[in-house]
1. For a Förster distance of 30 Å, can you work out the FRET efficiency between the beta-carbons of Glu419 and Thr529, rounded to the nearest 0.05?
2. How far, in nm, would the chain grow between Asp384 and Ala470 when pulled straight, counting 0.36 nm per residue and subtracting the alpha carbon separation?
3. With a probe of 1.4 Å, find how much accessible area segment 319-424 has per residue, and write the answer as a whole number in Å².
4. Between Pro478, Ser211, Gln446, whose Cα lies farthest towards the positive end of the dipole of the chain when Lys and Arg beta carbons carry +1 and Asp and Glu beta carbons carry -1, centred on the Cα centre?
5. Quick check: residue separation of Glu190 and Glu440 times 0.36 nm, minus the Cα distance between them. What number comes out in nm?
6. Averaged over every viewing direction, what's the projected area of the C-alpha convex hull for segment 112-236? Give it in nm², one decimal, please.
7. Expressed as a whole percentage, what fraction of the accessible surface of the chain belongs to carbon and sulfur atoms when a 1.4 Å probe is rolled over the protein heavy atoms?
8. Which of the peptides 265-272, 91-98 is most tightly packed, and how do the rest follow, going by the mean number of other Cβ atoms within 10 Å of each residue?
Amino acid sequence: MTTSLRAPLSDTTGYPASFAERYRQAGYWTDETFQQFLGARAAEFEDAVAVVGPDATGGDTSLTYRQLTDRAGRLAAGLLESGIHPGDRVVVQLPNIVEYVEVVFALFRLGALPVFALPAHREHEVSYFCSFTDAAAYIVTDRHSGFDYRALARQVVSSSEQPPTVIVAGDAQEFVALDDLRGSMPITVESPVDAESVAFLQLSGGTTGVSKLIPRTHADYLYSVRESARVCGVDEHTRMLVVLPAAHNFPMSSPGILGVLHAGGRVVLAPDPSPDTAFALIEREGITMVSLVPPLALAWLAAAARTERDLSSLEVIQVGGAKFSAEAAKRVRPELGCTVQQVFGMAEGLVNYTRLDDPESILVSTQGRPISPDDEVLVVDEHDVPVAVGTSGHLLTRGPYTIRGYYRAPEHNSTAFTEDGFYRTGDIVRLTDDGYLVVEGRAKDQINRGGEKVAAEEVENHLLAHPRVADVAVVSMPDPYLGERTCAFVVVLGEQPTQGELKKFVRGRGLAEYKVPDKVMFVEHFPVTGVGKISKSELRRALEKTLATP
Ligand code: AMP
Ligand code: DBH
């Protein structure tokens, strides 16, 4: 076999041997890998439909377990032939099309590691993912939602020292066409991967300058997928509609696409998340389950009142990514006719669910409880001392599917994790007497825009690059629809630019649109705390006052 030009992934996963042994002994970590996953399901579920959805050419495709496995195997052979090797990282940026599922499983089969970008990411983010992971390839679709990903690929290539091979689903122009890569024979796997090695890199919303990459292993992730599927009652009758971006950790694994394929159910990909599109698919496909972020859940509630579509097949609507209010949660059963399941998860690991048979009071007013008996959850004060049950504090966690460190980020890891390996989630929570978590707020410097996470510091750094910005502080402002939006407080240098100019400037730096500040406020100086730091809480209060005055 030819060897890769790219260095292997340098990081270890950081689980101490004693913990790894415990997780194996308990049966959480098994030998199963994502390399074998789909083949094993094809042997079991054969001609059952695995995936239905749009494809890159705009058609509608439906693939059985056998067909999907065959296509992924043939694509893996083609990817190998085109120079992508086991161990290589490949940045995948695809919308909800069937090729997404095919590509991910082809990479797994080959032993290459997907790096999951979101369709909303732009040059700044994608170039960083490619260079930071030394990616051998970058896989996109031609166009989606009015955006040309080939133009983005050109920018990424021209700014890279070691440009990745660009592979395009659909019209490839000068790049490699995905359709030309499928060989006539599936790959023969020569080097099986180790279940406790890194399977892929997932993204975190981030709190500092750049998004952190999250190394997840086959064993830890598959455990969370299996348990999630069990907790959520997923089986071969499940028909899951995927409306959130498929590569996001929630629709991927909680229980998501992987949980449904694990159990032999059917994944239906929605081309867009609008209630009109989704409701038509629910009726046509007999959808039983869907995962949403709070703003979408609210849009669905509003649309359900006037739809003529038959939504009676729906059994569960999962809501997560940001806090879903109890008031909204209460409306789900009467207005959508199904159970609401709150999901509080993170790409770093820990996932909490309300259980389907929980009493209404728990379903609507908590964010669930962990899936594993070995999920260690601590609620602590400023000094890492545990607080009494019922009191709010910082959530720390450690367990069989929570990472021990971000990819190549030693400095950040020394503060993001405790010495004992607990992940500092940055969330303020309280535990109920029954062991459920209620999310009360956030300590991390991040804005949660309806589930899309924006690191204040990242946006601040981009604004600071503007010649007339002397200083800047990005904070959240309350929003009835998204929960929060971003507001940038700016101290100017010389002549004041307009709001629009600053937004355009940030956009022009190749940042995902959801990170462009929603509002810009010009101030003379910032309020400071006792030690002289910018007081973001005071800025938020000032903002609330401004917004309250008409
Ligand atoms: P990330 O680390 O980027 O995967 O984002 C995970 C974060 O999203 C969590 O740490 C929370 O801040 C937030 N989050 C996810 N689900 C919920 C939820 N159900 N309620 C409140 N916050 C949530
Ligand atoms: O917000 C998230 O990252 C998230 C939410 C729900 C997540 O990663 C998950 C479930 O697995």
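The values are calculated or read from the model by the stated rules, or taken from the named source; none is laboratory data. These numbers come from a predicted model, not from an experiment. Glycine gets a Cβ as well: all are built from the backbone with ideal geometry, and neighbour counts include every protein chain shown. Just the protein is used for accessible areas: all its heavy atoms, side chains included, with ligands, DNA and RNA removed. Shrake-Rupley method; radii C 1.70, N 1.55, O 1.52, S 1.80 Å.
1. E(calc), rounded to 0.05, equals 0.65.
2. Extra length from Asp384 to Ala470 when fully extended: 27.4 nm.
3. In whole numbers, segment 319-424 has 41 Å² accessible per residue.
4. Pro478
5. Extra length from Glu190 to Glu440 when fully extended: 85.0 nm.
6. With every direction weighted equally, the projected area is 10.9 nm².
7. 50 percent
8. By packing density, highest mean first, the sequence is 91-98, 265-272.
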